[in-house]
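Take a look at the structure set out below.
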Amino acid sequence: MKKKGPPEIDRYPYNLIYFPDLHKNKGLTMADWNSEWVAKIKEALTALADEKNIEIGDIESRLKGARPPKADMGDIAFPLFPFAKEFRSAPPQLAAEVAARLGESPLGKARAMGPYVNIFLERDQIISDTLARVLADEESWGHNDSLKGRKIMIEFSSPNTNKPLHLGHLRNDALGESSARILRVNGADVQKVILVNDRGVHICKSMLAYKKFGQGETPESTGIKGDRLVGDYYVKYAQWAKEDPTAEAQAQEMLQKWEAGDREVRDLWEMMNRWTLEGIGKTYEKTHISFDRYYYESQLYMLGRDIILKGLEEGVFYKAEDGSTRIDMGEIGLDTKVLLRSDGTSVYITQDIGTAISRHGDWPFDQLIYVVGNEQDYHFQVLFHVLKKLGYDWAESLYHLSYGMVNLPEGKMKSREGTVVDADDLVADLSELALEEIRSKGREDEVEDPRATADAVSLAALHYYLLQVSPKKDMIFNPKESLSFNGNTGPYLQYMAARICSMERKAREMGWDLEKKTVDGTLLTGDEEWELAGILADFPRTVEQAGRDHNPSLITAALYNVAKVFSRYYHDNPILNNENLDLAMARLQLSLAVLRMLRSGFDLINIPFLAKM
RNA sequence: GCGCCCAUAGCUCAGCUGGAUAGAGCGCCGGACUUCGAAUCCGUAGGUCGCAGGUUCGAAUCCUGCUGGGCGUACCA
């Protein structure tokens, strides 16, 4: 039964007595196996040093396990370069000595491979255990309590009420929604909030244009979505302002009336804001974005002034010669910043200061995250610094989830240049293409509702495309490519999940017991099966890291990885079509575990799951 | 001018706190459907990791300088 030497590994008979820790602790992951081996190698190195009468420094900080470049080189690799000098021997020789000392154990087997000590883990038990745990977890594989007890508020989207959402918002929304979901499954108590920019001169501009040219038309009378209708008037204003030099002054005048509470202006404002918000709300609904709390700038813009004045009294800020109230940020290497104008009125950042404090009063968070583009990096540096200087303890954990611009292949996306990609249009185009794909594959009869399925596929395409890129980098959104549904895409992931579902249905029809939670790992001896188990086992740590780093792209990468490996596995290995029913069952269970991870992950990156597509 | 960010295959992107031969997808070329869903799978080709130094046993990864690009740098929001 036993074979000798790498790349094959010796296999122990399935027997829990070899794994007392495993039996007790259902939460062991690859990382735990890693630390087990760190301890063992540390022991070996210490003993070796004693034997040779060598003084040795701290071992643990230098002993770092990594994944070997190839599967047949083992599961964990420990480079021994850092110890070579102290032992006065070449790393390969040292590796050989350490490996000899470690030998074999129920935890697996150590082999010297060049300057590395490579560990070949005992596979059967880990596979059995991992799959059993995934299957026991229903749809929640990857969930953990690393952020348990933390209250986190996350603000994203920040729409203006003078125009519809565009591609930039879609990236913002995708990041915000996904980050919130990730934080939640890490155990945090999360509040998703939106700040609606519903006041200011830019809002008045669309109002002014409507008043001049609108002739009383409404979303109902025109059949145009409210946000689009209002946006059209914003564009109309810009055209008109080119010809009429008094336009800007008229807009300012309207703003003053608004601030004075002028009835007519306020009525118009309320009506048009409602149109926009209803329209934008439909977009959120369509893209599965939601908020727990709405904040409106019109209700907040006066906040912050009293806090600045108080800070001035306390000497946190100072009065400049020109009469403005400022903060000196020399200690963090920045210039001074105006917090109140010389006439005592607020500037933009004043309200942000007030808003943050007010929100903490509404819901005392441990952390507040702002999902805002990187063009505001400086703004948030200042904001956070001011709040710290004001002495709020929660100011230390404020976080700006900064992301890069979304560009189009043909050039930069600038709203003034009219090349913005409208969010609704984009989603509709994607859906249309998905529908064509469904038709051309002749699957209209298979799926219950082709239109709804196409919508789900389009969301997968969109969100995956937007989230696969590291947030802080600028990205190029290629509509054509996102629509291709080939390769490294959201629909690819959906397709893998749908295929597993299809197997699940078949198995159910055949009367197999899919509730069975124990898995016979001794039957899953293939390298791909081992690789899949490893990916599954690592997922909770990936989710944890994605939460810690505020980086959903770690989730997309893990999902693509599992889907790709599974896809090859599925292609090369019969699962249900297997004469050995026990093997068929074990492979199906592995497949179902993969499905669990996919579904759990889909939820985190806002990709709809489809049982059929 | 000053500050922050970015630079990896033709294109779009990965590359975890420095570790073995830098990976995917798209595109190109060539294979695989009487068999669990071909929206799939496999293979070939494609790289001076922007440039130059430095730290280290070891650098795409850390440090410095430079080049190129982006964004800021308002008593705008």
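The values are calculated or read from the model by the stated rules, or taken from the named source; none is laboratory data. This structure is a prediction, so every number in the text was calculated from the model and none was measured. Cβ atoms come from the backbone with ideal geometry, glycine included; neighbour counts cover every protein chain shown.
For A:Ser431, the conditions (1) in contact (Cβ under 8 Å) with a residue 40 or more places away in the chain; (2) more than 10 Å from RNA strand B (Cβ to nearest atom); (3) crowded, with 19+ Cβ neighbours inside 10 Å are fulfilled apart from (1). For segment A:95-103, the criterion of being assigned by TED's automatic domain parsing to the domain that holds A:Pro68, surrounded by fewer than 22 Cβ atoms within 10 Å (Cβ to Cβ) and not in a helix (DSSP H, G or I) is satisfied by at least one residue. Here segment A:552-578 is the region considered, the condition is being within 19 Å of A:Leu493 (Cα to Cα) and among the polar types (S, T, N, Q), and the residue that is surrounded by the most Cβ atoms within 10 Å (Cβ to Cβ) is A:Thr556.
For segment A:283-306, the set of residues classified as loosely packed, with under 14 Cβ neighbours inside 10 Å and more than 16 Å from A:Asn197 (Cα to Cα) consists of A:Glu285, A:Ser290, A:Asp292, A:Asp306, listed by residue number. Note on segment A:262-305: residues that are touching a residue at least 40 places away in the same chain (Cβ under 8 Å) and outside any loop (DSSP other than H, G, I, E, B) amount to 24.
Exactly one residue out of A:Asn573, A:Asn577 is without any contact (Cβ under 8 Å) to a residue 12 or more places away in the chain, within 9 Å of RNA strand B (Cβ to nearest atom) and over 30 Å from A:Ser402 (Cβ atoms), and it is A:Asn577. Is there a residue being in a strand (DSSP E or B), more than 9 Å from RNA strand B (Cβ to nearest atom) and crowded, with 19+ Cβ neighbours inside 10 Å anywhere in segment A:374-391? There is no residue in segment A:374-391 that is in a strand (DSSP E or B), more than 9 Å from RNA strand B (Cβ to nearest atom) and crowded, with 19+ Cβ neighbours inside 10 Å. Residue count for segment A:351-373, restricted to those that are near RNA strand B (Cβ under 8 Å from one of its atoms) and part of a helix (DSSP H, G or I): 1. When you scan segment A:449-469, how many residues do you find that are over 24 Å from A:Met405 (Cβ atoms) and either near RNA strand B (Cβ under 8 Å from one of its atoms) or part of a helix (DSSP H, G or I) (or both)? The qualifying residues number 8. Report the residue count in segment A:395-409 for those that are surrounded by fewer than 18 Cβ atoms within 10 Å (Cβ to Cβ) and more than 10 Å from RNA strand B (Cβ to nearest atom). Adding up the residues that qualify gives 4.
Working only within segment A:470-525, note down all residues that are more than 25 Å from the chain's Cα centre (by Cα), in a loop (DSSP other than H, G, I, E, B), on the phi < 0 side of the Ramachandran plot and surrounded by fewer than 16 Cβ atoms within 10 Å (Cβ to Cβ). Selection gives A:Met510, A:Asp513, A:Leu514, A:Glu515, A:Lys516, A:Lys517, A:Thr518, A:Thr525.
Each residue in segment A:340-364 was checked for being of a type outside the set (Val, Ile, Thr) and under 34 Å from the mean Cα position of the chain (by Cα), and 12 of them qualify.
Within segment A:54-80, residues that are closer than 14 Å to A:Ala110 by Cα and among the acidic types (Asp, Glu) reach partners that are more than 6 Å from RNA strand B (Cβ to nearest atom) and at pLDDT 85 or above with beta carbons closer than 7 Å, at six or more positions or on different chains, in the pairs A:Asp75/A:Ile119; A:Asp75/A:Phe120; A:Asp75/A:Leu121.
A:Asn606 meets all of the listed conditions (1) crowded, with 20+ Cβ neighbours inside 10 Å; (2) over 25 Å from A:Leu435 (Cα atoms) but one, namely (2). Screening A:Val134 against (1) in a helix (DSSP H, G or I); (2) over 25 Å from the mean Cα position of the chain (by Cα); (3) not charged (D, E, K, R) leaves a single unmet condition, (2). Which numbered condition trips up A:Ser140, out of (1) part of a loop (DSSP other than H, G, I, E, B); (2) more than 28 Å from the chain's Cα centre (by Cα); (3) touching a residue at least 24 places away in the same chain (Cβ under 8 Å)? The one condition A:Ser140 does not meet is (2).
Only residues that are within 11 Å of RNA strand B (Cβ to nearest atom), among the acidic types (Asp, Glu) and either in a helix (DSSP H, G or I) or not assigned by TED's automatic domain parsing to the domain that holds A:Val117 (or both) were counted in segment A:55-85, giving 1.
Across segment A:591-609, not a single residue is classified as out of contact with any Lys or Arg (no Cβ under 9 Å at 6 or more places or on another chain) and within 8 Å of RNA strand B (Cβ to nearest atom). Total residues in segment A:306-342 satisfying the condition of being more than 8 Å from RNA strand B (Cβ to nearest atom), part of a loop (DSSP other than H, G, I, E, B) and in contact with a Leu (Cβ under 7 Å, 6 or more places away or on another chain): the figure is 2.
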